[in-house]
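Asker: My questions will all concern the structure given below.
The values are calculated or read from the model by the stated rules, or taken from the named source; none is laboratory data. Everything numeric in this text was worked out from a predicted model, so none of it was measured. Heads up, the Cβs are rebuilt from the backbone with ideal geometry, glycines too, and the neighbour counts pull from every protein chain shown.
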Amino acid sequence: VQLQASGGGLVQAGGSLRLSCAASGRTFSSYAMGWFRQAPGKEREFVAAVSWSGGVTYYADSVKGRLTISRDNAKNTVYLQMNSLKPEDTAVYYCVAGPKIYSDYALDYEYDYWGQGTLVTVSS
C-alpha cells in the first residue's frame, strides 16, 4: 500500500482545511486508516483513525469536535476535515494504514504504512 497525502497549506486561526490521502492497492478497503501529526520540536501524536468499514472513528481529545475523519473505499481515499483550526494544530500530518489493529488505534506501531506527510500551518 502506498499513501499520498495532500491538502495542507496555510490558514488563519478559525479557518478550515481538508486533507486527503489517496491509497494504492486493492486491499485498501480492508485496512484501518488514520492520521498522525508532528509539530516542530514535538513528538509525533495520534490525531484520528477510522475502521476499515468507516463505521467506527477515534479521535485525540485535542481535536474532538473540530476534526472529522472519513473514508471513501470506492475512491481509495481517506479524508480529514479540519474546522476551527488553532495555531497549535500546526504540524506535518501523516496518513497511515494498518491491515489489523491489535489493541489501540492511537498507537503508531499498529500501522504498517505511512505517507510522506503534508504541512498544515495555522496562523494566529
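Asker: Looking at segment 10-19, can you tell me whether even one residue there is under 19 Å from Y113 (Cβ atoms) and of a type in the set (K, R)?
Answerer: Kept after step one, since they are under 19 Å from Y113 (Cβ atoms), are these residues of segment 10-19: 19.
Then keep just the ones that are of a type in the set (K, R); that gives none.
Checking segment 10-19: not a single residue is under 19 Å from Y113 (Cβ atoms) and of a type in the set (K, R).
Asker: Separate question: Hey, any hits in segment 93-114 for a residue that's at pLDDT 95 or above, loosely packed, with under 15 Cβ neighbours inside 10 Å and either farther than 26 Å from V11 by Cα or polar (S, T, N, Q) (or both)?
Answerer: So far as segment 93-114 goes, no, none of its residues is at pLDDT 95 or above, loosely packed, with under 15 Cβ neighbours inside 10 Å and either farther than 26 Å from V11 by Cα or polar (S, T, N, Q) (or both).
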